[in-house]
Amino acid sequence: MKFDLISTGAGEMSFTEHLEELRHRLMKMLLAVVVGLFISYCFIDTIVSFVTAPAGKLYYLRPAEAFFIYIKVGAVAGCVIATPIIFYQLWAFVMPAMNIKQRLWLLAITVLSLGLFASGILFSYYLVLPLGLAFFTGFDAQGVQAMISMENYIDFLLMLLLPFGLIFELPLVIIVGAGLGIITSNGLKRMRPYVFLLSFLLAAILTPPDVISQIMLAVPMLCMYELSLLFIRYILQR
């Protein structure tokens, strides 16, 4: 069974029209971020309490440190809130929806993008973060207690959450590539040894320097790669 992910029913646009379309979509993305920032700062205390809960008691070492941490957390939360609009605008620009079939695929891909990104964030927050904290705070000697600053904790948190959110988009990227005819199951099979090496290399770069975090990023990456390969081979038959 052949499966066309994207049909070519869209009319052609000139280079100037493409630039104008891009400008409009960038403005909408910027507006979405501004609205997201406003919402996040309205609930900043709740957001900060939620993201710092796994660490327990935190400290700040400079008078303005807590203030700037609130600003950073609010900015990241605002961008996350704006993510649905940003994803939609990106996909709408890359795959212009000119007919019903394309619009349905655009909607499905947008929802799947959000779901995968959120899954990566939640996986990191509830599974990887506690293990990483336990690993790094498990070296306390007798009479020595770990005192984690808010700034160091938030930096550590972002180093975990954002890479996982992005890496969980891998199946979608592969499936879209297959729908466009760029990627095939045989090609993925040939690339498997290189992907295995690259997965652990990326995990070492993107995560904190502990083996647990690196393994817990590399293994899901490889699993998603294999599931994408099976989907392309048996469902898309590419």
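The values are calculated or read from the model by the stated rules, or taken from the named source; none is laboratory data. Predicted model, so just to flag it, every value in this text is computed and none were measured. So basically every Cβ, Gly included, is an ideal-geometry build from the backbone, and we count neighbours across all protein chains shown. These accessible areas exclude ligands, DNA and RNA; they are computed on the full protein's heavy atoms, side chains included. Shrake-Rupley method; radii C 1.70, N 1.55, O 1.52, S 1.80 Å.
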**OP:** Count charges around residue 183 for me, please; just the other residues with Cβ under 12 Å from its Cβ, Lys/Arg as +1, Asp/Glu as -1.
**Re:** +4
**OP:** Between beta-carbons, use under 15 Å as the cut-off and find the net charge around residue 170, counting Lys and Arg +1, Asp and Glu -1.
**Re:** -1
**OP:** Scan around residue 59 for amide H atoms under 5 Å from its own, H built in the peptide plane at 1.01 Å from N, and keep only partners 5 or more places away or cross-chain.
**Re:** 148, 149, 150
**OP:** Calculate the tail of P(r) for region 152-238: the fraction of all Cα-Cα distances greater than 20 Å, expressed in %.
**Re:** 38
Subject >> Separation of the residue 23 and residue 135 label points, Cα + 7 Å toward Cβ, nm >> reply: 4.8
Original post:
With every protein chain left in place, what is the accessible area of residue 230 in Å² (1.4 Å probe, nearest 10)?
Top reply: 90
Original post:
How much accessible area per residue does region 13-75 have, in Å², with a 1.4 Å probe?
Top reply: 70
Original post:
For residue 38 and residue 71 in the same chain, what is the full-extension length gain: residue separation times 0.36 nm, less their Cα-Cα distance, in nm?
Top reply: 10.7 nm
